[in-house]
Amino acid sequence: MSTLVCGSLAFDTIMVFQDRFKAHILPDQVHMLNVSFTVPEMRRDFGGCAGNIAYNLKLLGGNPLIVGTAGQDFTPYLDHLRAQELDTSLLRILPDHYTAQAFITTDLDDNQITAFHPGAMFQAQENHLAGCIPEDVRWAIVSPDGLGAMVQHLEDLTNAGIPTLFDPGQGLPLFDTATLTRLIDRADYLTVNDYECQMVQARTGLGVEELCQRLKALIVTRGEHGSVIYHDGEETIIPAAKPKAVLDPTGCGDAYRAGLLYGLERNLGWETIGKIASLMGAYKIESPGTQNHRFTWPEFQARYHENFGENIG
């Protein structure tokens, strides 16, 4: 059984400014801002929603196929994916573009200045799925990507009869009301965080109950407060797993979504699915970067029992 993971692939360059931006930006001079920050601490991570979700699903023992576009500079990332034994056969490399990348500078107050170059991501609609979906694919997720790609991929998957999880995430501002409503109607499952859930309701005019009537399940994450899964007229409350350290929340949502896919693949029931997803988020937050954490399946089982007082069903 394979799962298609559609979405962005990106390099994340993270820099830490050992001071506070406010000490170097004059409020009455922001109309002519010209500042430079020395950042002695820097790291470059592999990121993007598709890469992160696939990495986490592979850790769990899933078989993800990444669907996305990357650029001429993608070789180190491609080598990394292949080293994890991830299937990259549905990736498309665009030699005239750079891979999407974010440059993030954080100060000591956790304020951030980010520059994002979409690069090949905005050509992702060129990576067509119609007629290209392998026969062993049973599930799919459409995660944040270029607008055209999210629309096309979700519609291609629906037309092919593949149960699909829709994760609009940070792509939500790209959608107009009609497009977002249409994609929700075509998806089987919708996963958002609590803020994004409010955005979806405001953009579509649909309340939680109305959204649930259009979906098999609505999954809403709430950070340290856990998550809630609306399904079959019920609400399943999922507690947050306890991390051993809180080092970097970036990518926790992607790790959670990998847990959802793993549980759906195995028809484990929503309470177990949500708890697996919650524990995946805890593993991620304990490690800097989005694809640097590791565990074995026995280790995962032990921590699941430790957190929830039961074995994985």
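The values are calculated or read from the model by the stated rules, or taken from the named source; none is laboratory data. What you see is a predicted model; the values in this text were computed from it and never measured. Cβ placement follows ideal geometry from the backbone for every residue including glycine, while neighbour counts extend to all protein chains displayed. Accessible surface is based on the protein model in full, side chains and every heavy atom, while ligands, DNA and RNA are left aside. Shrake-Rupley method; radii C 1.70, N 1.55, O 1.52, S 1.80 Å.
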Percent of accessible area on the chain owned by carbon and sulfur, 1.4 Å probe? 50 percent
With a 1.4 Å probe and every protein chain left in place, work out the accessible area per residue of the chain in Å², rounded to a whole number. 46 Å²
What residue among G233, G289, G171 shows peak mean-square fluctuation when the chain is described by a Gaussian network model with Cα springs under 10 Å? G233
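Within the set K58/K284; K216/K275; K22/K244; K58/K244, which residue pairs have Cα atoms separated by over 24 Å?
In this structure, K22/K244 lie more than 24 Å apart at Cα.
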Most fluctuating residue of C212, C132, C252 in a GNM of the chain with Cα springs under 10 Å: which is it? C132
Average projected area [Cα convex hull, the stretch 14-159], square nanometres: 11.4 nm²
Angle, helix 49-59 long axis vs. longest principal axis of the chain, Cα atoms, 0 to 90°, nearest 10? 60 degrees
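Output the peptides 38-46, 186-194, 243-251, 223-231 sorted from most to least packed, where packing is the average of other Cβ atoms within 10 Å over each peptide's residues.
In decreasing order of mean packing, 38-46, 186-194, 243-251, 223-231 become 186-194, 223-231, 243-251, 38-46.
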With Cα springs under 10 Å, the Gaussian network model of the chain assigns the largest mean-square fluctuation among I53, I25, I237 to I25
Taking the Cα centre of the chain as the origin and placing charges on Cβ (Lys, Arg +1; Asp, Glu -1), which of T3, G169, F116 is farthest toward the positive end of the dipole? T3
